[in-house]
Protein chains: 2
Amino acid sequence: ATYTTGASGSPKLLFRQLFEKESSTYTYLLADVGHPDKPALLVDPVDKTVERDLTLVKELGLKLIYAMNTHVHADHVTGTGLIKGMVPGVQSVISKASNARADLFVEHGDKIHFGNLFLEVRATPGHTLGCVTYVTGDGPEQPQPRMAFTGDALLIHGCGRTDFQGGSSDQLYNSVHSQIFTLPKDTLLYPAHDYKGFTVTTVEEELSHNPRLTKDKGTFKNIMENLKLPYPKMIDVAVPANMVCGFQDAIEKPSKALAS
Amino acid sequence: ATYTTGASGSPKLLFRQLFEKESSTYTYLLADVGHPDKPALLVDPVDKTVERDLTLVKELGLKLIYAMNTHVHADHVTGTGLIKGMVPGVQSVISKASNARADLFVEHGDKIHFGNLFLEVRATPGHTLGCVTYVTGDGPEQPQPRMAFTGDALLIHGCGRTDFQGGSSDQLYNSVHSQIFTLPKDTLLYPAHDYKGFTVTTVEEELSHNPRLTKDKGTFKNIMENLKLPYPKMIDVAVPANMVCGFQDAIEKPSKALAS
Ligand SMILES: [Fe+2]
Ligand SMILES: [Fe+2]
């Protein structure tokens, strides 16, 4: 499927990276400010920072149309439910493979249009079964260098764990190598998290310096199987909430209006 | 004074924003990767994240030449001392008006060259007497839009306090209005801190939405005089350390080598 908002004017990307400290999550705001409607989308919004994000959207005069997730997060509750309750008309977006609820389901190869800009959907399973990477469009009027929102598939000099939610180190290795490392070398990679204060990396940098994914597949799988990570403290709250993203919260808190 | 590194090749900015969680400080890495030497500089490095920053510099194949401060920080210890000890040849930079120690002192109107790129120095006193804003160059081969590293003079929808270190709300108002708000509207403003997870703003956005600096000067001064902020917990450690930035630490820890 391809979702379009109508097109006129010359595309111009407004881009903001936003950080939620407690879960070290990055949320991304993208908008086509060359389009008269200034259509915008949020990638991986967090429930705790929805008010901040929507205030920014409003101040910048944007029209939020999509609240998207790269995957069903286990470490924080998505903001899509609250957003849908606060901004009527916004549609939640997640991959069909995630088996979560949402307004729109995307699959590998789909394009998500906002004004004259678009994101391309690439299936990058391995951290979870339904992980996707959203990549800015390829074309003369699309942003240069390209930008990829990798979720937890690829982190800066790291990657997401593969030991639950349908994770597979074999699949993650294939996903990153075939879908992310094949992008142009100068592609800016924006992850869902960073724990050391980094904000961005590039394909070129990860091809040289990712301590896990530069290894051969056998070594990578061995690394991933021996991480001995603790059970994530938020998972029993976050996963059920995120599986119904945009629905449970919308029903429970239907009329919370955004302070102006 | 103008500091030059020699020039050849076509300038191309590499830019990284880096976050130190404890003091919510942003450090900025800029380099001319179009120049064969890839000369680089760090703005407002923090002692606690020097190892991270220098590892990144090394991985990206950059040659660090300057470790600069926007002002004498009261909330964290600058990384310039450690950097000078770990990377021979790096010069620390601060404003002459700060009265701090450093290798190079800058004044309003100076240009700091790295390869074929440069930063312009604008005096923006008010948070401290010696605050400067570093602005990317104006010219056909300089980055577009322009970028300004405002320190604590202008924060995202805020500004630094003016109640010590030679602070003056009157001066801060004049500095921001004459030196920052006069930059092109699309200039990207990168502050020394953010406490809410914002990473960047623009002149246009602050002209419309800064809750303090959009007011008239009398109202602004009144706001600043009634903030009733607590005494900063780090000031008695940070200010003396930062006044001798790049010297005290360099003498005490001369031979700590960067892990490779
Ligand atoms: Fe995740
Ligand atoms: Fe400060």
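Find the strands (runs of 3 or more DSSP E) located wholly in the range A:1-91 whose residues include 2 or more that are surrounded by fewer than 20 Cβ atoms within 10 Å (Cβ to Cβ) and within 11 Å of chain B (Cβ to nearest Cβ), and list them. Spell out the reasoning first.
Details: elements: A:13-20, A:25-32, A:39-43, A:63-68.
Qualifying strands (runs of 3 or more DSSP E): A:13-20.
Check A:D103, A:D110, A:D47, A:D32 and return the single one that is touching a Pro at 6+ places or on another chain (Cβ under 7 Å) and among the charged types (D, E, K, R). Answer to the check: A:D32. Residues in the range B:82-97 that are away from ligand 2 (no atom under 16 Å from the Cβ), under 17 Å from B:A40 (Cα atoms) and touching a strand residue (DSSP E or B) at 6+ places or on another chain (Cβ under 8 Å): 8 in all. Identification of strands (runs of 3 or more DSSP E) wholly contained in the range A:110-175 with 3 or more residues that are surrounded by 21 or more Cβ atoms within 10 Å (Cβ to Cβ) and within 15 Å of ligand 1 (Cβ to nearest atom) yields A:132-136, A:147-151.
Looking at B:Q165, B:Q142, which is the one that is over 16 Å from B:Q179 (Cβ atoms) and more than 16 Å from ligand 2 (Cβ to nearest atom)?
Numbers: B:Q165 fails: more than 16 Å from ligand 2 (Cβ to nearest atom).
Being over 16 Å from B:Q179 (Cβ atoms) and more than 16 Å from ligand 2 (Cβ to nearest atom) holds for just one of B:Q165, B:Q142, which is B:Q142.
Within the range A:183-226, the set of residues being within 14 Å of chain B (Cβ to nearest Cβ) and in a helix (DSSP H, G or I) comprises A:V203, A:E204, A:E205, A:E206, A:L207, A:S208, A:H209.
If the condition is being surrounded by fewer than 24 Cβ atoms within 10 Å (Cβ to Cβ) and free of Cβ contacts under 8 Å to residues at least 60 places away in the same chain, then the range B:92-104 contributes B:K96, B:A97. Going by what's in this entry, would B:K221 be described as surrounded by fewer than 14 Cβ atoms within 10 Å (Cβ to Cβ), at pLDDT 95 or above and in contact with a helix residue (DSSP H, G or I) (Cβ under 7 Å, 6 or more places away or on another chain)? The answer is no for B:K221.
The values are calculated or read from the model by the stated rules, or taken from the named source; none is laboratory data. Given the structure is predicted, the values throughout are model-derived calculations rather than measurements. Don't worry about glycine lacking a Cβ; one is built from the backbone with ideal geometry, like all the others, and counts go over all protein chains shown.
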